[in-house]
Each structure stands twice: as structure tokens, then as C-alpha cells.
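Structure first, commentary second.
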Amino acid sequence: MSRLAIASREALSEGGALASQLDNFAPREAQQRLSVAIADAFEHRDVLLAEAGTGTGKTFAYLVPTLLSGLKTIISTGTRALQDQLYHRDLPRVRKALGVGHKSALLKGRANYLCKYRLEKTRGEPRFTTREQVAQFQRIVAWGGRTQYGDVAELEGLPEDSPLLPMVTSTADNCLGTECPFWEDCFVVQARQRAQAADVVVVNHHLLLADLALKQEGFGEILPGAQTFVIDEAHQLPELAANFFGESFGLRPLQELLRDCLGECKDVAGALASLQPPVRAVEQALRELRLAMEGLPARGTRARALAKPEVANGFEALLDTLAQLRETLVPLTEASPGFDACAARNADTISRLSRWLGHEDASDAFADEEVVDDAGEPMDGSSDVFWYELSPRGFRCQRTPLDVSGPLREHREKSRAAWVFTSATLAVGDSFDHLAVRLGLEDPETLLQPSPFDWSRQALCYLPQKLPEPNSRGYGTALIAALLPVLHASNGRAFILFASHRALREAAEALRDCPWPLFVQGEAPRATLLQRFRESGNGVLLGSASFREGVDVVGDALSVVAIDKLPFAAPDDPVFEARLDAIRRSGGNPFRDEQLPQAVIALKQGVGRLIRSETDRGVLVLCDPRITGKPYGRVFLDSLPPFARTRDVADVQAFFVAESAEYSTTEASHG
């Protein structure tokens, strides 16, 4: 055991620094074992893949060796919310307890910081569609005059998807760089400088991957100096990496480009008259293209989209109008840095669109004849999938690589640093092979640290009997009938996870007249919904796949987690389908090698919502009859914590009677 490992274990032990300095800190053997493994990985510059079950305390387990090592460390989290929690709450507490003075910094992508140039450009422009937007913009202006860091997360009450945010923040595409008149006061530049001087830098996966993929998010100066990387919520990394190592274009970024083109005109005489016609032409082409895409599936392959003649013609028309816009922009690039940036963005969009349409291959007179699969997609060894996705009023077109293990391995080896990948959901059974392959890890050190909770006392797994097959017509009705006795026994206090939005909506209708407050995903912002659910005390929360993570409700408000179906990936996902085809062509088994492990990890994420502390009690309801009726059901059950299991709803009712009695006894003893 290395000296760092010994020091880390002591700090987390009974009588150690954290126990003596932090209120409510309880030493945990599981946490100490994880911290020792992380410290040894730091010391030897190893790669560690570590699953830490719920309740292990993995955040403190990696913060202690990070701060005691003195090494320059990058910590990457799954979301901006977790990033803020880690930086503003957990890191200061551990640093104070250890008595170390290391500098730390919080770094986010450009789009999270106020851009003074774009704020100035937006002033006085008729871009606002409601009085509420006018009032919100005035709030942003007032805040912009007093903020120290320019982090838009400081703006309470402003939705994350507010249309105002792209108007007052920058991206790698529209940033003017050193040509910007506000360069010296740029919040992104200042955040970068703080990160360069820090010993510990907290980022999120989006920023980390954007830099690895050379998207110029402004983080490149920091990465080369890092000696250790800690990737929390590491199960998210492969899917996110596939997006960042690909490329995309869509309606919203194009609309922002057009707005910026017109916004630059007010400082250049005659520019508006020359730019308005091509801008209007692009706007019209976008409207006609989106209209032509009506009737297509919400997600599909490029071949599926272009098989519809009006869609293929719509993309060609868009390409032609963007070329006309380019001809008008080029002479204006000398007039202002803003026009120069707009011209570069327009040229980049033309290139992406051309590649997505396949024009670049077709224009190469010396290219070999393209080989395609049954769906008409290229099979040229590039392992890229070309696909589209529709939203109610927009679209996005994407090129996604099927395998990101190569670039991830290359960047990791180039760093010569220690890398720790950790999460509560990494293993399938006791194997890490699935994730290790996708991350490009060859024979990494591994640690499987089960949750330290007393599962046999705190939890029960209920497997309802006689439910029909999940794809049968009557499954939704039978599901509600099976859940109602559980909800009555628990008096609500339940979180029900659905495999599809359609199933969620049908369940919401079926439960409207029930005696418990109902909280349905989509009917309010996520944070608002969760807060209301916590405060209700006996509510029922309905969510879909995106709610498998981030629902952290400690205490009595959540005492049931019910899952309607085993979370196999949707068959309409073109990237997932292409990955299965690639496995099949290489001689593998798509179900065993991809579908099953992916579903196991997804199920573990949902199950992890149930028990969040040593005092929580609850019932897990797994409704899908395949978990007991199919041979592969055993793989799911073996990957879950050691629940007591039952098929009798009377045991569920007895569980909650016992919980109520235990609560009454506790109340009486405290009275």
C-alpha cells in the first residue's frame, strides 16, 4: 500500500480528519477501500475502473487522495448540476477538514458564461417575442454589470432552455477570440486562467470531451498539465464521446447564425440591404425542409430521410441558399470581426451538410465505388452512422462514430496520467468487460465495491405474478392493477419509471383519480417537479428514461421504485441498430455483447433511486415478467444489490406495516 493510500485511509477512518472535522460523517470500510484503490492508481499512474455502490461515499473517497496527493487533477462529472455541487459543497468541506490549501477552479463550456460582446449586440434589437423575455433580458443586463464570474447558473429562475441564453453567450463557432473588443474582460478567458493556476479543476463530461475532440472549448491549455483524471459517472462517457467525436448541424444553430448575420449589419453601412435577401432565402429553405420532413419517424438513418424526394430536394435547396449567403458574406469579412466569424460558421455548416449528404465522396473522381449495406448506408470501414432527429419545430443531422475506444485510448495514453473511472453502475454481474471495451481500456485495475447498505433489512424486491408479456395489448392496464395495491400499502411515496413516454402518459391518465398527488415528467421543469414531490410527502412521481439518474430523494418521500419494463434500448435508435449490425458482422452476438449489458446498467441506474441513506427503507417493484421467465433474467437479478425477494403482495403490505411501526417506535422514543 502506497503512502498516499495509507494517508487517505487514515483521513477517512474513525478518529481521522473527516470524522473529527465534519458533522454527521460516519467512517465506512467500503469508502476506505475505494479511496485506497484510487490512491494507489494515482501513485503508480494506473488506470482504475471502480464501481462504488450507492452509499459508498465515492465523492469523498476520491477527493481525499486528490487533495492529499498535491497532483494537478481534473475531476469530470456527469452534469453541470453535479459539477456545481462538487465544487461549491463537497470540495470545500473536504479541503477544510484536511487542512490543505490547494487552489481549485470550476470550468464550464463557453455557453455557460455571459459574453459581453453578444450582450452588447443584443441591446436594442427587436429579438424578443414576449414582455417576459424583455423583463428577463433586463435582469441579465443588470446581473451582467455586477457578476464576478459571469456564470449564467447564477441567474436564478432563468430556464436552461431560455431562448435568451444563445443571444448573450458564445460558442466555439461564434467567439471572436482575440479580435473581440471585450477580450481583456472575457469571463471565459478569466475562467481559463483560474483553471491554469489551480491544483484541482472541476469540469463536466461535455467540456472534457469537447476538448479531447478538439472542439476548441478553451480547455486545451489545462489538459496537458494534468497528472490525474477522475471521471465520475463514467458510465455516461461512451455515449457522450460518440457525439463529440462526430459532428452535427441543425435548424437552431442555423437560425442563430442568421440572426448574428443581421445583428452585425447595424455597424456596417449597406450590409443589411445586401444580406437580407440571402438570409431570407435560407430561412425559407429551412421552413420548407422542416415541412418536408413531416411524416418521417422521429429518428432515422440518412438513407430513410433522403429516400423521400421532397426531403432530398429540401437539403439541396438549403445547400444552394447557404452558398448564396457565403457569396454575400465573403466581401464583408474585412468590415468587422463579427462578419468574419459568421462567414467561417457558414462555411463550416456547408462542409458538414455536404459530408452528411455524401457529396464529398461523390465528387472524388478517384474514389472507389462505395459499398453500402441493406439500408443504403456506407460500409467503408469508417464505422460512422449518418442519421437525423426531429423535434416539434426543428431537426438535427448527425454523423456518429460507432466505436470511440480508439480516440479515447489515444488521448489517455498521450496524457501519461493516472485515470480513475468510477460510478455506481459500471459492472454487469461481476464483470467490467462491456464498459472497458467501449472506453478502450486494456486490462485495467478494477474494484467492485458493493453498496454498504443493509439491503435485507432496508429493502424488498417485489416481482408481481401473472403479468402478460410487456408488448401485449393489455400490459398497461395489468401493470396499473399490479401497482395499485403497492401504492395503497405505501400511501403513495413512489417513483414509477417507464420505458416510453406513451406508457407514461397512459399511466398518468389511469392514476389521475387516485388519492395521492401526481407528478408527471413534462408537466413542470424537472427541478420543480422533484421539489414538489419531496415536499408532498406522499406523492407519486412518473418519469421516463431520463429520470433514471439525478432523482436523489432521501427519506420517507420516496419509498417505492417501480420499473415497468426491462430497459432495453429503443429499436428505432439508428446508432444502436448500427452498433448491433457491426457486432453481428464481426462474428459477435448483439444481444449478449451489447443489448443485455446496456440494459443491465440502465436498470441498475433506476434501482439506485430507491435507497439513498442508511435510514431509508423501500420496495423495488420489477414488473417485467421476463426477469423471471427468461434465462437472461438471472443476469439482471445477479447485478442488483442483495434484496430479499417476494412474489406475494402481502409481503409488501407487511413491509410497510413494519416500517410504520418502526417509525412510531422511533417517534415515541424521541418524544
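Every read-out reported here was derived from the displayed coordinates using simple, explicitly stated rules and does not represent laboratory data. These numbers were taken from a predicted model, which means no experiment stands behind them. Backbone-built Cβ (ideal geometry, glycine too); neighbour counts: all protein chains shown.
Quick notes on this structure:
- With 0.36 nm allotted per residue and the present C-alpha distance subtracted, the Glu445-Ala142 stretch has 104.0 nm of extension available.
- 3J(HN,Hα) from dihedral phi, segment 154-167, Karplus parametrisation 6.51/-1.76/1.60, rounded to Hz, x for glycine, proline: 5, 7, 5, x, 8, x, 4, 9, 4, x, 6, 4, x, 7
- Cα point-scatterer Debye curve for the chain, base-10 log of I(q)/I(0) at q = 0.07, 0.08, 0.09 Å⁻¹: -0.53, -0.70, -0.90
- At most 12 other Cβ within 10 Å, DSSP loop - trypsin sites (Lys or Arg not before Pro), segment 85-164: Lys103, Arg123, Arg146
- Prolate/oblate/rounded label for segment 483-551 (Cα gyration tensor, a/c 1.5): oblate
- Taking other Cβ atoms within 10 Å as a rough exposure proxy, Tyr113, Tyr149 sort from fewest to most as Tyr149, Tyr113.
- For Val385, the residues 5 or more places off, or on other chains, whose built amide H falls under 5 Å of its own are Thr400, Leu402.
- Hits among aspartates and glutamates - C-alpha to C-alpha of Lys121 under 20 Å, sequence gap 8 or more where chains match: Glu132, Asp151, Asp173, Glu179, Glu184, Asp185, Glu256, Asp260, Glu264, Asp267, Glu334, Asp340
- Peptide packing: for 644-657, 298-311, 594-607, the average count of neighbouring Cβ atoms within 10 Å per residue gives the ranking 594-607, 298-311, 644-657, highest mean first.
- Cβ crowding within 10 Å, taken as a proxy for footprinting-reagent exposure, orders Cys265, Cys514 from fewest neighbours to most as Cys514, Cys265.
- Reference-scaled alpha-carbon Rg (2.2 N^0.38 Å with N residues) for segment 110-185: 1.05
- Three-way shape call for segment 247-401 based on the alpha-carbon gyration tensor, with the a/c threshold at 1.5: prolate
- Local charge for Glu160 was computed over the other residues whose Cβ lies under 10 Å away, with Lys and Arg +1 and Asp and Glu -1, and equals +1.
- Sequence of His44, His102 once ranked by neighbouring C-beta atoms within 10 Å, starting from the fewest: His44, His102
- Members of Lys116/Lys266; Lys96/Lys414; Lys72/Lys108; Lys72/Lys604 lying beyond 23 Å, as alpha-carbon distances in this model show: Lys96/Lys414; Lys72/Lys604
- All lysines inside 29 Å of Lys308 as judged from Cα atoms, apart from same-chain residues fewer than 8 positions distant: none
- Rel. contact order, % - alpha carbon contacts under 8 angstrom, at least six apart, the chain: 16
- Here segment 455-670 has an Rg and Dmax of 17.8, 66 Å, counting Cα atoms alone.
- Helix 309-329 and the longest principal axis of the C-alpha atoms of the chain enclose an angle of approximately 60°.
- Over segment 374-486, the ratio between the Cα radius of gyration and 2.2 N^0.38 Å evaluates to 1.66.
- Potential lengthening between Glu14 and Val268 on full extension [0.36 nm per residue; Cα-Cα distance subtracted]: 84.5 nm
- Segment 254-317 versus segment 121-176: alpha-carbon centroid distance in Å: 25
- Per residue, the average separation of C-alpha pairs within less than 8 Å and at least 6 apart gives segment 471-549 a relative contact order of 39 percent.
- Karplus (6.51, -1.76, 1.60) ³J(HN,Hα), θ = phi - 60°, over segment 471-488, in Hz, Gly and Pro reported as x: 9, 7, 4, x, 5, x, 5, 5, 4, 4, 4, 6, 7, 4, x, 5, 5, 5
- Rounded FRET efficiency, nearest 0.05, which uses the C-beta distance separating Glu310 from Lys103 and R0 of 51 Å: 0.35
- Value of relative contact order over segment 110-185, rounded to a whole percent, pairs C-alpha under 8 Å and six or more apart: 59
- Relative to the dominant Cα principal axis of the chain, helix 337-357 is inclined by about 70°.
- The chain: angle of helix 574-585 to the longest principal axis, Cα-based, in degrees nearest 10: 70
- Sites listed here are GluC sites (Glu not before Pro) in segment 1-105 whose DSSP assignment is loop and whose Cβ has at most 13 other Cβ atoms within 10 Å: Glu14.
- With Cα atoms as the point set, segment 150-288 shows a radius of gyration and Dmax of 18.3, 54 Å.
- The label point for Asp46 and the one for Cys514, both projected 7 Å from the Cα toward the Cβ, are 4.7 nm apart.
- Residue separation of Arg416 and Gln284 scaled by 0.36 nm, minus their Cα-Cα distance, works out to 42.4 nm of gained length.
- Approximating the spin labels as points 7 Å out from Cα along Cα→Cβ, the Gln465-to-Gln531 distance works out to 4.6 nm.
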